[in-house]
1. Just name the residue that is modelled with the highest pLDDT out of those in region 264-288 that are open to solvent by 20 Å² or more (accessible area, probe 1.4 Å) and among the β-branched types (Val, Ile, Thr).
2. Taking residue 211, is it within 16 Å of the ligand (Cβ to nearest atom), under 23 Å from residue 278 (Cβ atoms) and among the acidic types (Asp, Glu)?
3. Take the residues of region 44-63 that are more than 16 Å from the ligand (Cβ to nearest atom) and touching a strand residue (DSSP E or B) at 6+ places or on another chain (Cβ under 7 Å): which is most open to solvent (accessible area, probe 1.4 Å)?
4. Looking only at region 214-251, count how many residues are open to solvent by 20 Å² or more (accessible area, probe 1.4 Å) and at pLDDT 95 or above.
5. Does region 154-192 hold any residues that are touching a residue at least 24 places away in the same chain (Cβ under 8 Å) and open to solvent by 30 Å² or more (accessible area, probe 1.4 Å), and which are they?
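The values are calculated or read from the model by the stated rules, or taken from the named source; none is laboratory data. In this text the structure is predicted, and so the values were computed from the model without any measurement. Heads up, the Cβs are rebuilt from the backbone with ideal geometry, glycines too, and the neighbour counts pull from every protein chain shown. Please note that ligands, DNA and RNA were not included when accessible areas were found on the heavy atoms of the full protein model with its side chains. Shrake-Rupley method; radii C 1.70, N 1.55, O 1.52, S 1.80 Å.
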Amino acid sequence: MPHEVMKDIYLIRVPLPGNPLKNLNSYLIKGAERSLLIDTGFNIDACHEALVEGIDALGVSLDDLDIFLTHVHSDHTGLIGRLKTGKNRIFISSTDLLVLDRFRSTLRWKEIEEQSLSFGFSEEEITENRKTNPFKNYLPPQDLKIETIEEGFIFRIAGYSLVAISTPGHTPGHMVLYDEAHGLLIAGDHIIFDISPNITRWPELPDSLGDYLKSLDKIYKLHVTTTLSAHRNPMGDIRDRITELKEHHMLRLDEALEIIKAEPGMTTYEIASRMSWSIRAKNWTEFPLTQKWFAVGEAGAHIDHLIQKGLIEEYEENGKKKYM
Ligand SMILES: [Zn+2]
């Protein structure tokens, strides 16, 4: 059953089976005429059933329910194809719509696979990932009319005025919604309380971690009393959490720098294998492949930030990118 977290704002927990994130927190803001849903779940039956059950329990018809997507990831966007009726509207940032369009093209996946080779993945791992990557397989269908918004766009609903704010980092076009009068922030994956949001390499962002850290500073300045985030425990003290997240990344940057300086000439994959990860596996070889993928992406984002800061250099050798 949906749970009212603030007046007229309901949390619907959508399970993400087999995914370490466990669930997506979808929010439904119930207005007198139109309502707004924020984020949806993967394009799979288990997510669809839980979400629709929640929407039904609130007595909201899909025709009257517009949808805002905080970002492109398929655990947020996956179900829009099943929720679109022809009478409701779907919104996302223009930047992440471009990313979504690229994700849906086979060219993008070829490009990602070529990059993954240069990061140090083996051909076998790349072939295996093609079959199992949830972000690839649970995306919404093409040919859907999705409207784009820019920073400053305001959703007015149920007495709330929710302003869209760009918070690039987790994805290139990630957006949060902020209502100053109510001290409310709908944070998407920008700020999560129980786990640190995944920061990875993006072809669109030369320094995604640098962007993420700037976006954290941007949100720190706001007057937020209630934060609603998209995974796990939805609420907490946002300034404390921002400070923790920044410290976490500083430690990771130090760790990556130390590893690179101790043994120059490694690929991102090799550097990632030497970093510490909070995952229950004996060693790097036993990491499940999807976790390796996240780890290499995350290590890469830290490496890119070290390059931007002038602390290390990148060079290429036999098609592999290496660092010193
Ligand atoms: Zn995400």
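1. Result: 285.
2. Values: within 16 Å of the ligand (Cβ to nearest atom): yes; under 23 Å from residue 278 (Cβ atoms): no; among the acidic types (Asp, Glu): yes.
The answer is no for residue 211.
3. Only one residue tops the list, namely 46.
4. Applying the first criterion (open to solvent by 20 Å² or more (accessible area, probe 1.4 Å)) to region 214-251 yields 214, 217-218, 220-226, 232-233, 235-237, 239-241, 243-244, 246-248, 250-251.
Filter once more, keeping what is at pLDDT 95 or above: 214, 217-218, 220-226, 239-241, 243-244, 246-248, 250-251.
Going through region 214-251 one residue at a time, the tally reaches 20.
5. We begin by selecting, within region 154-192, every residue touching a residue at least 24 places away in the same chain (Cβ under 8 Å); these are 155, 157-160, 162, 164-178, 180, 182-192.
Residues satisfying the conditions are 158, 159, 166, 168, 180, 182.
Each row is one residue, and each column tells you yes or no for (1) open to solvent by 30 Å² or more (accessible area, probe 1.4 Å); (2) within 16 Å of the ligand (Cβ to nearest atom); (3) under 13 Å from the mean Cα position of the chain (by Cα).
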site: 65; (1), (2), (3): no, no, no
site: 72; (1), (2), (3): no, yes, yes
site: 77; (1), (2), (3): no, yes, yes
site: 87; (1), (2), (3): yes, no, no
site: 91; (1), (2), (3): no, no, no
site: 103; (1), (2), (3): no, yes, no
site: 106; (1), (2), (3): yes, no, no
site: 109; (1), (2), (3): no, no, no
